[in-house]
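What follows is a structure written as C-alpha cells; I'll ask about it next.
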Amino acid sequence: MPKNKKRNAPHRGGGGGGGSGAATSAAGGPHRTVQPFSDEDASIETMSHCSGYSDPSSFAEDGPEVLDEEGTQEDLEYKLKGLIDLTLDKSAKTRQAALEGVKNALSSKVLYEFVLERRMTLTDSIERCLKKGKSDEQRAAAALASVLCIQLGPGLESEEILKTLGPILKKIICDGTASIQARQTCATCFGVCCFIATDDITELYSTLECLESIFSKAYVKEKDNSVLSSTSNTVLHISSLLAWTLLLTICPISEVKKKLELHFHKLPSLLSCDDVNMRIAAGESLALLFELARGMESDFFYEDIDSLTQMLRALATDGNKHRAKVDKRKQRSVFRDVLRAVEERDFPTETVKFGPERMYIDSWVKKHTYDTFKEVLGSGLQYHLQTNEFLRNVFELGPPVMLDAATLKTMKISRFERHLYNSAAFKARTKARSKCRDKRADVGEFF
C-alpha cells in the first residue's frame, strides 16, 4: 500500500477537535456540561429537537442523494452535530441509533474537515460505547471507528484514534465472554484501522498475532481428517482471517515469508469446514498467499500442490445435495477462480464503475482490499472512490476527477426516474414472457 498518503495540515487538539459536539446543544444554544451514562434526566429540549436524528434509516436509505435534492451540506452537518450529541445519551438504544446514523452519513459522504474538527469527541464517544455498551452498541461503535479512520486517512489523527481504541478492540476480540457479533465487528475494525493508521511496525506485528491467535483455533489438528464443523465462533474466525490477510498485504517481505511458512500448510484444513463462508474465506486467502509468494519468488514451489489442487477442484465442481443451491453456486464460482490462481497464476480481471471512471481489479490483493472497504462502506464505497483521497491512493486512481455541476446533474438519476425506469423494465419483461407463453400454447394446439 502506498505510504505517501499523509495529510499535510495536522490540525491537532485545538479548539475544533475538542468536545464542542458534546458540550453544545444541537440548536446552538447555551453551553452545558453533559455527563455521559449518568442517571440525570435527559434534556427534554435537546431530545425533542434532535429526536429525528436518532433514526439512522434516513442516511442508510437516502445517502448523499437527499443532500443534493432536498437540502444542503449545512443541513447534513447540522443533523450530524445532533447525532454526535446523542452518542452520549443515557439511553442505550438512542446511543446505538446515533452511532449508526453518524456511520451511515460518513459512509455516504466525504466530510474530512467536519470530521477532523470533531474527531476527539467522536473518539471519546466510541471509546465509552465500546467499554460500557452491550453487543449491538459495541458493534455500532466499532463500525463507526472504521469509517472515521477512512474519512481521515493515514496521519497523526488516525494514529491517535488507533492508539486510543486499539487496546480496547484487542481486549474485546480476545474476551471469550463478550458477544461473538461484537468480537467479529471489532476484528474487522481492528484490521481496517491498523491498515490505515499504523506506521509502527511492532504495532502491526502485534495486531497480526492477535488476529491469528483467533482464527488459528479453527485449524483441524494434524492427523485428523474429519470434516471441520462450524461453531458459534466461526463468524469470528472468518473476520479475523480476512483482517489478518488484509494486513499481510502491507507487511515487509521478511514478515510475509514467516507467516507463509507458519500458515501455508494449515490454511487448507479450513477448506473442509461445513460453513460455506469459511471455505470461501480460506480459499481466497490461499489464492492471495500464493500471489504474494510468487511475487517474492517467481519459481515458488508448494510441496502439497497436488493434494491442494485436488481439494480446490472438488470444491469448484461441488454437487453435494446436502448443501443449498445458492451456497453451491457461490462456492463453485469462487473456487474456479482460486483454482486458476493456484494452477495457472491467472486472475479474472473485474471492472468497477463509479461515476465517469472505471477501476480494474486485476489481482487478489486488490480484490481483497476492495472487498474489505466495500464491507465497511457498503454502497457508499462508490462515492468514496470518486472523492476520498486515501482510497484513491490505495487503488492508485490519482487525484479526484473534477466535474462541474452541469455534468453531475446529467449523470444523476432521481429516485422517481429510477422508479419509472424499473417499472418500465418490469412491464417489458412481463410482456415478453407472456408472448413466449402464447407461442408455446399455439405450438401445443397445433400438435
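Out of the helices (runs of 4 or more DSSP H) lying entirely within the range 105-218, which hold 1 or more residues that are out of contact with any Asp or Glu (no Cβ under 9 Å at 6 or more places or on another chain) and under 25 Å from SER285 (Cα atoms)?
135-152, 156-174, 180-197, 201-215
Out of HIS384, HIS368, report the one residue that is in contact (Cβ under 8 Å) with a residue 40 or more places away in the chain, farther than 17 Å from SER108 by Cα and either of a type in the set (Ser, Thr, Tyr) or in a helix (DSSP H, G or I) (or both).
Testing whether each residue is in contact (Cβ under 8 Å) with a residue 40 or more places away in the chain, farther than 17 Å from SER108 by Cα and either of a type in the set (Ser, Thr, Tyr) or in a helix (DSSP H, G or I) (or both) leaves just HIS368.
All but one of (1) out of contact with any Phe, Trp or Tyr (no Cβ under 9 Å at 6 or more places or on another chain); (2) surrounded by 15 or more Cβ atoms within 10 Å (Cβ to Cβ) hold for ASP346; state the number of the condition that does not hold.
In the conditions (1) out of contact with any Phe, Trp or Tyr (no Cβ under 9 Å at 6 or more places or on another chain); (2) surrounded by 15 or more Cβ atoms within 10 Å (Cβ to Cβ), ASP346 misses (2) alone.
Scan SER108, SER51 and give me the residue that is at pLDDT below 95 and either buried (at least 16 other Cβ atoms within 10 Å of the Cβ) or under 21 Å from GLY153 (Cα atoms) (or both).
SER108
In the range 268-279, what residues are crowded, with 21+ Cβ neighbours inside 10 Å and either among the aliphatic types (A, V, I, L, M) or in a helix (DSSP H, G or I) (or both)?
Within the range 268-279, the subset crowded, with 21+ Cβ neighbours inside 10 Å is 270-271, 273, 278-279.
Matches in the range 268-279: LEU270, LEU271, MET278, ARG279.
Do the conditions hold for THR231, that is, is it outside any helix (DSSP H, G or I), more than 21 Å from PHE264 (Cβ to Cβ) and of a type in the set (Ser, Thr, Tyr)? If you could, list the steps in order and put the result at the bottom.
Details: outside any helix (DSSP H, G or I): yes; more than 21 Å from PHE264 (Cβ to Cβ): yes; of a type in the set (Ser, Thr, Tyr): yes.
For THR231, the condition - outside any helix (DSSP H, G or I), more than 21 Å from PHE264 (Cβ to Cβ) and of a type in the set (Ser, Thr, Tyr) - is met.
So, one more: Exactly one of these conditions fails for ARG118: (1) open to solvent by 20 Å² or more (accessible area, probe 1.4 Å); (2) more than 21 Å from ASP89 (Cα to Cα); (3) modelled with pLDDT of 95 or more. Give me its number.
Here ARG118 meets the rest and fails (2).
Among the residues in the range 85-93, are any of a type in the set (Ser, Thr, Tyr) and part of a loop (DSSP other than H, G, I, E, B)?
Yes.
Considering every residue within the range 191-200, establish whether at least one is on the phi < 0 side of the Ramachandran plot and surrounded by fewer than 16 Cβ atoms within 10 Å (Cβ to Cβ).
yes
Right, next: Restricting the range 280-321 to residues that are at pLDDT below 90 and closer than 26 Å to SER239 by Cβ, which is surrounded by the most Cβ atoms within 10 Å (Cβ to Cβ)?
Within the range 280-321, the match that is surrounded by the most Cβ atoms within 10 Å (Cβ to Cβ) is ASP318.
Identify, by number, the condition in (1) within 18 Å of GLN138 (Cβ to Cβ); (2) open to solvent by 40 Å² or more (accessible area, probe 1.4 Å) that GLU113 doesn't meet.
(1)
Just one of (1) of a type outside the set (S, T, N, Q); (2) within 29 Å of SER232 (Cβ to Cβ); (3) at pLDDT 90 or above; (4) open to solvent by less than 50 Å² (accessible area, probe 1.4 Å) trips up LYS328, so point out which.
(3)
Let me ask something else. Does the range 296-324 hold any residues that are touching a Leu at 6+ places or on another chain (Cβ under 8 Å) and without any contact (Cβ under 8 Å) to a residue 24 or more places away in the chain, and which are they?
Passing the criteria: only ALA316.
The values are calculated or read from the model by the stated rules, or taken from the named source; none is laboratory data. Keep in mind the model is a prediction, meaning the values are calculated, not measured. Positions of Cβ are generated from backbone atoms using ideal geometry, with glycine treated the same way; all protein chains shown enter the neighbour counts. All accessible areas refer to the heavy atoms of the entire protein, side chains included, with ligands and DNA or RNA removed. Shrake-Rupley method; radii C 1.70, N 1.55, O 1.52, S 1.80 Å.
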